[in-house]
Amino acid sequence: MELYAHSLPDRPMEEWQPLDQHLRNVAELAAKLAEPFGGAEWARLAGLWHDVGKASDTFQTYLKRVNSKDPKVAASAISTDHSTAGAQHLAQNKNMLGLLLSYVIAGHHGGLPNGLAVEKSLQKRLQKKVEPWLHDLSLLDIPADLKVPEPCPLLKNSLAAPDAFSLSFFVRMLFSVLTDADFLDTEAFIDSSRHGLRGGYDQTVLKQLEFALDRYVKLFGEPQTEVDRQRAAVRESCLQAASLSPGFFSLTVPTGGGKTLASLAFAVRHALLHHKRRIVYVIPFTSIIDQTASIFKSIIARIDPALAESAVVEHHSNFDPDRETERSRLATENWDAPLIVTTAVQFYESLFGSRSSTCRKLHNLADSVIILDEAQCLPVDLLTPCLAALHELVDSYGVSVVLCTATQPAIRRREGFQMGIDNVREIIPDPVALYRSLERTQIENLGQVADRELVEQLAGLPQVLCIVNTRRHAAELFRQLAQACDDSTVFHLSASMCGVHRQQVLANVVEKLKSGMPCRLISTQVVEAGVDIDFPAVFRSMAGIDSIAQAAGRCNRNGLRKHGRVAIFQSEHRRAEKFFADTANCGRQVLEIYPNPLEMAAVEHYFRLYYWDQRMRWDAREVMDCFQLDRRSREFPFLFDFAEASHRFRLIQDRQESVVVPYGEEGRRLCEQLRHADGFGRNLLRRLQRYAVQVPRRVWRQHVGNGIELLHERFSVLVSPEMNYCEKTGLDMEATGPACMDV
């Protein structure tokens, strides 16, 4: 009797995938995927035993029934738990290390479980009664005598000086390997044409990328300004430092100093010299990820347009499906591409996730170069787990990490901050001298400024950017300023506007600035990082020093003026800015001491206040408590609560809901398409993301059925854009009349 792993609808059983073939395929592929971190034998064992529960009569009957041509028989088919069997078999082995693999196998469908106590914990799974399957083991061409491999060097280090987090991280990487191998083999059998579109990259792609970068830089010719000369020097420093041994690096370059392309140049050459497999570029804000990825693609497209689309993969929620290919879409599932551009939320939450779809890509971080843009943008309450994960990647998985920042490497180890990152090598020979050379602004502290006075000052300047901390304040300032001067010269930018709307406004602003026309922009912090605009004057509501540095980077960006003006003010709306209270308070204290808050001493003082002196908050959500060792127990020594850690680790705590706005002709068409859709293809959903606005869950609840229509019980669509969506300021669910009546 043949045992099967997967069936094919409307195909005879002889064409189904044999179970022993699937087990061997997954075992060999998992071993190959785990080679970069030395876990091949462990991954092979996980692959061999992950689906042995399918050998039960119950599961085989399920496959036959679900494929029956009799609708009643097919409807009666009930699937069965087939992942617990292998986990139990490994856990029963006399070698307690088998318990590590039982986490991996038990979770390969439903996600990594908690260790003890809760209903779906691994402990409960190991005690669960499963369908008999051992009687059919002789039919499987796999070794019946189970032997857990000897600890690999990585595992030996963790066991020598017991480190719960390192052991749990190893389990997570094995889980990533198993889930990816399982997905890939299943896909190859069920949909071979789709499987054939997947990657298969080598270092020749990185060599082409290096050539494309060199060619792109040469197009600019010899540097003409001091800013251009310093940008060239930054890039040269990056190329020289690339030969250094893998590990932690910092690239400390002021905003506008060319660190984006320079850091990529470092990463590419470093990868080539040290045989790294890929580059992962991590960006803190979704508002700038499209721009960064587009720059990278345009550089490669100069030598090979097709390569640009396959080599650079964007993985974030706002991706434009018009630029997505089937191959790039598949690469987002497991990051199998030479250059990944993703968000900090996607990156860090994947490192602590528990679902298979979240963790599947993690093993491809091994032997990579990771660039963390604006590395200091980490919440204080998650510092310990974030830094622990970075340490683990560098120390055990062959990763090089570049801490890319416009201020200074705030998370480097120092006195009083022993949990920081050690052995960080600075790429720039003299960051202080570089800062002095790139000084393009004069900073002034205006103190407390009422909105009325602020509007008067802004109206008196032909080209000015004003950045405030909340959407509501930005909208109110915009309305007042539009009434105070020619409203055709006043623009608004915030997350209240859908992505398509923001892109249109930004393009208009850039054109106005280039042509020298009057342009006054009121914005939230969405404009601060990576947006290439150049104003002669910037006003910034009080915030953290790193945010002030980003705002200054939008002023006299290219050094074409002798000095730009950056004015810092304290808003009259401080009580409403609770989310920014910590950073703003620290920034205010620094400004009381240092007239120029961007000098190195001031920046260090800020990070001491915000990060280094807040020891009690470094793991405020107790993520690290989810990984414990019980050295007294030989039955269950590894107490890893993966599901709980995933729940506790959220970079964005306030839950938001997406509301799709029928903005413009295309937005209206997509909403109608959704309203009448029978199914929801990925392409439609990705297109709708560009028309979505995030709103607090409490606001969403108030307006579902009253301004927000819930389609198909899962998609929220704005019903009356003429009432709640302004062409100038975006979504406002509290509007009581036409959305733009006050503008």
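Could you list all residues from the range 469-502 that are surrounded by fewer than 20 Cβ atoms within 10 Å (Cβ to Cβ) and under 20 Å from LEU718 (Cα atoms)? Those that are surrounded by fewer than 20 Cβ atoms within 10 Å (Cβ to Cβ) and under 20 Å from LEU718 (Cα atoms): ARG472, VAL500.
If you check ARG617 against the conditions, is it closer than 26 Å to SER121 by Cα, out of contact with any strand residue (DSSP E or B) (no Cβ under 8 Å at 6 or more places or on another chain) and charged (D, E, K, R)? Considered against the rule, which asks whether it is closer than 26 Å to SER121 by Cα, out of contact with any strand residue (DSSP E or B) (no Cβ under 8 Å at 6 or more places or on another chain) and charged (D, E, K, R), ARG617 comes out as no. Exactly one residue out of ARG632, ARG621, ARG668 is of a type outside the set (Val, Ile, Thr), touching a residue at least 12 places away in the same chain (Cβ under 8 Å) and out of contact with any Ser or Thr (no Cβ under 8 Å at 6 or more places or on another chain), and it is ARG621. For SER83, the conditions (1) surrounded by fewer than 19 Cβ atoms within 10 Å (Cβ to Cβ); (2) closer than 23 Å to SER168 by Cβ; (3) out of contact with any Leu (no Cβ under 8 Å at 6 or more places or on another chain) all hold with the exception of (1). Only residues that are surrounded by 13 or more Cβ atoms within 10 Å (Cβ to Cβ), at pLDDT below 90 and hydrophobic (A, V, I, L, M, F, W, C) were counted in the range 214-239, giving 2.
Condition test on GLN17, is it more than 30 Å from SER400 (Cα to Cα) and either without any contact (Cβ under 8 Å) to a residue 60 or more places away in the chain or among the hydroxyl-bearing types (Ser, Thr, Tyr) (or both)? So GLN17 does not fit the description; no. Among the residues of the range 597-628, those that are under 18 Å from VAL432 (Cβ atoms) and in a loop (DSSP other than H, G, I, E, B) comprise PRO597, LEU598, GLU599.
Quick one: how many residues across the range 618-646 are charged (D, E, K, R) and more than 29 Å from ARG413 (Cα to Cα)? Spell out the reasoning first.
Let us first name the residues in the range 618-646 that are charged (D, E, K, R), namely 619, 621-622, 625, 630-632, 634-635, 641, 644.
With the extra rule that they be more than 29 Å from ARG413 (Cα to Cα), the set shrinks to 630-632, 634-635.
Count: 5.
Scanning the range 245-264 for residues that are free of Cβ contacts under 8 Å to residues at least 60 places away in the same chain, more than 20 Å from the chain's Cα centre (by Cα) and surrounded by fewer than 23 Cβ atoms within 10 Å (Cβ to Cβ) turns up SER245, GLY258. In the set (1) in contact with a strand residue (DSSP E or B) (Cβ under 7 Å, 6 or more places away or on another chain); (2) assigned to a helix (DSSP H, G or I); (3) closer than 20 Å to GLN503 by Cα, the condition left unmet by PRO662 is number (2).
Whether any residue in the range 136-147 is at pLDDT 80 or above and either assigned to a loop (DSSP other than H, G, I, E, B) or under 32 Å from the mean Cα position of the chain (by Cα) (or both) is what I want to check. Before you say what the answer is, go through the steps one by one.
So the first thing to find is which residues in the range 136-147 are at pLDDT 80 or above, and the list is none.
Among the residues of the range 136-147, not one is at pLDDT 80 or above and either assigned to a loop (DSSP other than H, G, I, E, B) or under 32 Å from the mean Cα position of the chain (by Cα) (or both), which makes the answer no.
Do the conditions hold for VAL401, that is, is it surrounded by 23 or more Cβ atoms within 10 Å (Cβ to Cβ) and not assigned by TED's automatic domain parsing to the domain that holds VAL538? Yes, satisfied. Selection of the range 366-424 for residues being over 23 Å from ASP163 (Cβ atoms), of a type in the set (Ser, Thr, Tyr) and within 19 Å of the chain's Cα centre (by Cα) yields only THR405.
Evaluated against (1) modelled with pLDDT of 90 or more; (2) out of contact with any helix residue (DSSP H, G or I) (no Cβ under 8 Å at 6 or more places or on another chain), LEU560 falls short on exactly one condition, (1). Here VAL505 clears all of (1) touching a Phe, Trp or Tyr at 6+ places or on another chain (Cβ under 8 Å); (2) surrounded by fewer than 16 Cβ atoms within 10 Å (Cβ to Cβ); (3) free of Cβ contacts under 8 Å to residues at least 24 places away in the same chain except the condition numbered (2).
State whether one or more residues within the range 401-409 are within 22 Å of ARG172 (Cα to Cα) and among the hydroxyl-bearing types (Ser, Thr, Tyr). Before you say what the answer is, go through the steps one by one.
Pass one, the range 401-409, residues within 22 Å of ARG172 (Cα to Cα): 401.
Checking which are among the hydroxyl-bearing types (Ser, Thr, Tyr) leaves us with none.
No, the conditions are met nowhere in the range 401-409.
Residues that are assigned to a loop (DSSP other than H, G, I, E, B) and aliphatic (A, V, I, L, M) were ranked within the range 390-413; the one that is modelled with the highest pLDDT is VAL399.
Here's the yes/no breakdown for (1) outside the structural domain of THR384 (by TED's automatic domain parsing); (2) surrounded by 16 or more Cβ atoms within 10 Å (Cβ to Cβ); (3) modelled with pLDDT under 85:
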residue	(1), (2), (3)
ARG632	yes, no, yes
PHE638	yes, yes, no
PRO662	yes, yes, no
LEU670	yes, yes, no
ARG687	yes, yes, yes
VAL743	yes, yes, yes
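Do you know which residues across the range 493-523 are of a type outside the set (A, V, I, L, M, F, W, C) and over 26 Å from HIS563 (Cβ atoms)? Let's see the steps before the verdict.
Restricting attention to the range 493-523, the residues satisfying the condition of being of a type outside the set (A, V, I, L, M, F, W, C) are 494, 496, 499, 501-504, 508, 511-512, 514-516, 518, 520, 523.
Listed by number, the residues that qualify are SER494, SER496, GLY499, HIS501, ARG502, GLN503, GLN504, ASN508.
Yes or no: ALA43 touching a residue at least 24 places away in the same chain (Cβ under 8 Å), closer than 30 Å to SER400 by Cβ and assigned to a helix (DSSP H, G or I)? So ALA43 passes the test.
Taking the stated definitions as given, is ALA85 in a helix (DSSP H, G or I), in the same structural domain as VAL148 (by TED's automatic domain parsing) and more than 32 Å from the chain's Cα centre (by Cα)? It is true that ALA85 is in a helix (DSSP H, G or I), in the same structural domain as VAL148 (by TED's automatic domain parsing) and more than 32 Å from the chain's Cα centre (by Cα). Scanning the range 568-577 turns up no residue that is closer than 19 Å to GLY553 by Cβ, among the small types (Gly, Ala, Ser) and surrounded by 15 or more Cβ atoms within 10 Å (Cβ to Cβ).
Can you work out which of the residues in the range 712-731 that are under 14 Å from VAL695 (Cα atoms) and among the hydrophobic types (A, V, I, L, M, F, W, C) is surrounded by the most Cβ atoms within 10 Å (Cβ to Cβ)?
Within the range 712-731, the subset under 14 Å from VAL695 (Cα atoms) is 715-718, 724-725, 730-731.
Then keep just the ones that are among the hydrophobic types (A, V, I, L, M, F, W, C); that gives 715, 717-718, 731.
Values: PHE715: 19, VAL717: 22, LEU718: 25, LEU731: 27.
Residue satisfying both the conditions and the ranking: LEU731.
The values are calculated or read from the model by the stated rules, or taken from the named source; none is laboratory data. In this text the structure is predicted, and so the values were computed from the model without any measurement. Cβ coordinates were reconstructed from backbone atoms using ideal geometry, including for glycine residues, and neighbour counts include every protein chain displayed.
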